[in-house]
Every structure is written in C-alpha cells, then in structure tokens.
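The values are calculated or read from the model by the stated rules, or taken from the named source; none is laboratory data. This is a predicted model, so every value here is computed, not measured. Cβ placement follows ideal geometry from the backbone for every residue including glycine, while neighbour counts extend to all protein chains displayed. To get the accessible areas, we keep the full protein, side chains included, count just its heavy atoms, and leave off ligands, DNA and RNA. Shrake-Rupley method; radii C 1.70, N 1.55, O 1.52, S 1.80 Å.
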Amino acid sequence: VEPLGFHYFFPSVVGVKADAPWKTFKEFVDYAKKNPGKIRISSIGVGSSTHFAIELLQSITGIKLIHVPFEGGEATVTAVMGGHVEATLDGYGKLKPHVEGGRMRILLIEPKKPSHPEIPTLKELGYKQDLFATWFGLWAPAGIPEEARKVLVPAVETAVKNTKARIENLGSICEYKSPAETRKLRDDEYKEAYAIALKIGLRK
C-alpha cells in the first residue's frame, strides 16, 4: 500500500487508579525499580501496539513489569478498576471518561496533548526517546495511477483538516502529514518494533 496522508494520533498513556500510591511517573518508576515484577500492566493483546509500547517502556526506563494481555476492548481498563492489574498502557480516549470522573489518573502520555500540559512525555522527564503511539493514516493500493494520486492526496489533506475539531474532542490529536512524512513514520516505527519483536521472542 501507499500512503495518501496522515490523519491522527491516538495517544498512548500509562494509567492507574486514582487512589494508586503513585502520583507521578517518577514515583511509579522508583517503585518498579525497587520492586521488580510487582506491577502488573495490561495491554490490548500480545503483539499489539500497546504491548510493544510496554516493552519499549521497560527498555527505556530499566524497570520490570508483568505484562497482562487482553483481547482488546475495555478489559484493559476494567482490570485496573477492579484491582486485577495495577496499571494499563492504552489509548487516552479510552481512559478519558474515567479520568474526568475521578476514577483514574494518567502518569505519562505520548505524543504530547496540548490540552493537558501537566501530563508528561518520556522525553520531558529526561529520557532519550518516547513511546509508540497508535496512529491512523489513509492509504491506497501500491501502484495507484498518478492521476488518481493528484486528486486523492489534496482531498485527504482537506478531509483531515476539516475533521480536526471532532477528532480532538474524542481525545485524539489530529495532525496532517504528507504521504512522504507518513511513509517515513511507518518505516521508522517498523524498524524499531521489529527490533523489539526479536528481543522479546515474537520473531526469530
């Protein structure tokens, strides 16, 4: 497939219950370093984007968490609420109503959400890199005729910019990127994810 343009980020966050003992990500990391394997963290499944983000999080910070995969849906969040796991790495939009209702707290986000400057990214906390974030783009079959591309690419740009307000109201970050920028983002993240897959045994 070939990219026609980038649409939006679905920010990845580390979330815990509102009454969890960690008020900041630094406190979370400090506890995890002193208690390796004591914090269980949920994802939407083995091999998912959030699973890779959890592995990357551990690699960057030097902590050891217990990964608890679910099969998507709301189970990742309800597991935190029910005390079955201590944390989750999931999309901001999924946690948003629980945070607004005072039931959960977000310790970390990627990428930065301008409406919530108080929630830090890893780089803002002094780490050398950030996490993966789920994102969406619009794509066409490989070899699409140039005549079609000339029509579709500007149409995608217009559509993305016209949906910005609605997308961001749902908790995502709408940010148009050109086909070339979208391709580079995909290729760079694929290389990083492939290296993690080798490290954790998902690929040989």
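Please give the calculated 222 nm ellipticity per residue for the chain, where each DSSP H segment of at least 4 residues contributes -39500 (n - 2.57) and the sum is spread over every residue; nearest 500 deg cm²/dmol?
When only DSSP H runs of four or more count, the value is -13000 deg cm²/dmol.
Before anything else, pin down the relative contact order of the stretch 1-120: Cα pairs under 8 Å, at least 6 apart, normalised by residue count, whole percent.
For the stretch 1-120, the relative contact order is 40 percent.
Go through the stretch 165-176 residue by residue and turn each phi into a ³J(HN,Hα) via Karplus (6.51, -1.76, 1.60, θ = phi - 60°); whole Hz please, and just put x for glycine and proline.
Once rounded to whole Hz, the list reads 4, 5, 5, 6, 5, 8, x, 9, 10, 7, 8, 5.
Show which aspartates and glutamates lie in cross-link reach of LYS17 when reach means a straight Cα distance below 18 angstrom and same-chain residues fewer than eight apart are skipped.
Answer for LYS17, where 18 Å is the Cα cut-off: GLU27, ASP30, GLU74, GLU86, ASP90, GLU100, GLU118, listed by chain and number.
Measure up LYS23/LYS64; LYS94/LYS128; LYS113/LYS164; LYS177/LYS199; LYS123/LYS204; LYS64/LYS128 against 24 Å on the Cα-Cα distance and list the ones that go over.
Violating the 24 Å limit, Cα to Cα: LYS94/LYS128; LYS177/LYS199; LYS123/LYS204.
Kindly sort LEU185, LEU56 by accessible area of their heavy atoms, largest first, with the probe set to 1.4 Å.
Of LEU185, LEU56, the descending order of accessible area is LEU185, LEU56.
Which whole-number percent is the relative contact order of the chain (Cα, under 8 Å, 6+ apart)?
Working: 356 pairs, mean separation 73.3, N = 204.
Computed value for the chain: 36 percent relative contact order.
For a quick check: with amide H placed at 1.01 Å from N, whose amide H comes under 5 Å from GLU2's, ignoring anything fewer than 5 positions away on the same chain?
The answer is ALA140, ALA142.
Taking every alpha carbon pair in the stretch 72-116, what does the distance histogram look like in 5 angstrom bins from 0, in percent?
5, 20, 35, 26, 10, 4, 0
What label, among (i) 32, 21, 18; (ii) 32, 20, 15; (iii) 42, 20, 17, belongs to semi-axes √(5λ) of the Cα gyration tensor in Å computed from the structure on display?
Matching entry in (i) 32, 21, 18; (ii) 32, 20, 15; (iii) 42, 20, 17: (ii).
What is the sum of charges around PHE10, taking Lys and Arg as +1, Asp and Glu as -1, for the other residues whose C-beta is under 10 Å from the C-beta of PHE10?
0
Within the chain, which is the longest segment that contains none of the GluC sites (Glu not before Pro) sitting in a DSSP loop with at most 15 other Cβ atoms within 10 Å?
Values: sites that count: GLU71, GLU74, GLU118.
Counting only loop sites that pass the neighbour cut-off, the longest clear stretch is 119-204.
Using alpha-carbon positions, what is the distance between the centroids of the stretch 79-118 and the stretch 160-204, in Å?
For the stretch 79-118 versus the stretch 160-204, the Cα centre distance is 20 Å.
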